[in-house]
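The values are calculated or read from the model by the stated rules, or taken from the named source; none is laboratory data. Predicted model only: the values in this text are computed from it and were never measured. Counting neighbours? That spans all protein chains shown, and the Cβs are built from the backbone with ideal geometry, glycine included.
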Amino acid sequence: MQSTENTINLRLWTVKEYHRMAEAGIFDEDERVELLEGKIIWMSAIGTAHRSAVGRTDYLLKKILMNQAWVSIQDPIQLDNYSEPEPDIAVVKIDPLDYADHHPTPDEVYLLIEVADTTFKKDCETKGKAYAAAGIIDYWVLDVINRQLHVFRKPDKNGYQSEVILKENETVSPLNFPDLSINILEILPPVIGN
């Protein structure tokens, strides 16, 4: 008996092609998509817990980092020629042009944070692998459902070699800012009622 193998050849999109599609109006204005590993991915709707955590994290990081880094929310970063995701929070090097001429690249990234409610598996696995392959040294997934922070470090082409899970009453320091201590409870949405 002879084995037949079906292979699917995917057409991967480049960042330049992705930008041309956006400029040509292929995506509706209200469509939320991002490019990851050559594939155009639908982004989930933003729930209230997600929005709250992103806002609180953005506010806290801008306050404690002040003039040490640029903090952006849900803005593109270019990992390579095939990936331009939009992480919930990106802490990047300060750029003299405020990134008017390019999106931040991996060597300009200090820390990426994704806030996960319905996207936990995608954030940890799919995005985590892409971020690790690009060499992002510090990647956090804030799990608003289980109220914990997953800290991924030691990237290689197959993913992160280190994952530490911290509870809401613990603290964490970004690798590039070891003197800063972030209370995880401060970046989680507040608990409403019982």
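What the table shows:
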quantity	calculated
Hits in segment 80-100 (condition: out of contact with any Phe, Trp or Tyr (no Cβ under 7 Å at 6 or more places or on another chain), under 15 Å from Lys62 (Cα atoms) and either polar (S, T, N, Q) or assigned to a strand (DSSP E or B) (or both))	Ile89, Ala90
Filtered residues of segment 114-130 (kept if crowded, with 20+ Cβ neighbours inside 10 Å and touching a Leu at 6+ places or on another chain (Cβ under 6 Å))	Val115
Among residues of segment 6-30, those that are of a type in the set (Ser, Thr, Tyr) and within 28 Å of Ile46 (Cβ to Cβ), counted	2
Complete set of residues in segment 146-185 that are touching a residue at least 60 places away in the same chain (Cβ under 8 Å) and surrounded by fewer than 13 Cβ atoms within 10 Å (Cβ to Cβ)	Leu175
Lone unmet requirement of (1) modelled with pLDDT under 95; (2) closer than 15 Å to Ile77 by Cβ for Lys122	(2)
Filtered residue count, segment 116-167, keeping only those that are in contact with a helix residue (DSSP H, G or I) (Cβ under 8 Å, 6 or more places away or on another chain), closer than 24 Å to Asn81 by Cα and acidic (Asp, Glu)	1
Residue selected from segment 87-98 under the condition surrounded by fewer than 19 Cβ atoms within 10 Å (Cβ to Cβ) and of a type outside the set (Lys, Arg), by the criterion nearest to Leu175 (Cα to Cα)	Ile94
Criterion violated by Val54 - all others in (1) under 28 Å from Asp117 (Cα atoms); (2) without any contact (Cβ under 8 Å) to a residue 12 or more places away in the chain satisfied	(2)
Among the residues listed as Thr57, Thr118, the single one being part of a loop (DSSP other than H, G, I, E, B) and under 15 Å from the mean Cα position of the chain (by Cα)	Thr118
Segment 60-79: number of residues that are over 19 Å from Ile184 (Cβ atoms) and either assigned to a helix (DSSP H, G or I) or among the hydroxyl-bearing types (Ser, Thr, Tyr) (or both)	4
